[in-house]
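Enquirer: Right, I'll just put the structure down here and ask away after.
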Amino acid sequence: EEEQEEGGILSAALRGGSERFSFSMCNPPFFSSMLEANQNPGTACGGTAAEMVYPGGELAFVMSMVEDSVRLGARIHWYTTMVGKKSTLKALR
């Protein structure tokens with residue numbers, strides 16, 4: 001049985017320890033719930049909960065990716081993600 005990296009978003013893609021990737025590009029889920037997603041009627045939210053929701057929202061998802069980048073090191077050369085909320089960007093700084 002292959003050993004899987006503990007936790008993180010990218011763990012399932014990096015089983016076994018030998019595979020490497022040039023980059024990871026992400027459009028993260030922006031919301032912590034579908035209720036939050038539906039609060040802005042001017043936003044076209046056509047995705048499913050699996051696409052739009054992550055526990056803790058966008059900030060928690062991006063922070064998990066940052067933690068992955070530290071834990072996984074050089075297995076992925078370059079990490080990039082879209083940030084859709086100014087509040088997330090401010091918290092990441």
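The values are calculated or read from the model by the stated rules, or taken from the named source; none is laboratory data. No experiment lies behind these values; they were computed from the predicted model shown. Methodologically, a virtual Cβ is constructed for each residue, glycine included, from the backbone with ideal geometry; neighbour enumeration extends over all protein chains shown. Only protein heavy atoms, including side chains, enter the accessible area calculation; ligands, DNA and RNA are left aside. Shrake-Rupley method; radii C 1.70, N 1.55, O 1.52, S 1.80 Å.
Enquirer: Solvent-accessible area per residue for the chain at a 1.4 Å probe radius, Å²?
Expert: I get 70 Å² per residue for the chain.
Enquirer: Would you pull out the residues with amide H under 5 Å of Tyr79's amide H, same chain only if 5 or more places away, H placed 1.01 Å from N?
Expert: It is Ser24, by chain and number.
Enquirer: Could you work out the per residue convex hull volume over the alpha carbons of the chain, in cubic angstrom?
Expert: Details: hull volume 10.3 nm³, N = 93.
Here the figure is 111 Å³ per residue.
Enquirer: Rounded to a whole number, what % of the accessible area of the chain do carbon and sulfur atoms account for, probe 1.4 Å?
Expert: Answer for the chain: carbon and sulfur cover 54 percent of the accessible area.
Enquirer: Tally Lys/Arg at +1 and Asp/Glu at -1 over every other residue whose Cβ is under 10 Å from the Cβ of Gly57; what's the total?
Expert: My count for the surroundings of Gly57 gives -1.
Enquirer: Roughly how many debye, to the nearest 20, is the charge dipole of the chain about its Cα centre, given +1 on each Lys and Arg Cβ, -1 on each Asp and Glu Cβ, and no other charges?
Expert: With only Lys, Arg, Asp and Glu charged at Cβ, the dipole is about 580 debye.
Enquirer: Here is a further query. Helix 57-72 versus the longest principal axis of the chain: what is the Cα-based angle in degrees, 0 to 90, to the nearest 10?
Expert: 10
Enquirer: Residues with beta-carbon under 13 Å from that of Pro29, excluding Pro29: net charge, scoring Lys, Arg +1 and Asp, Glu -1?
Expert: -2
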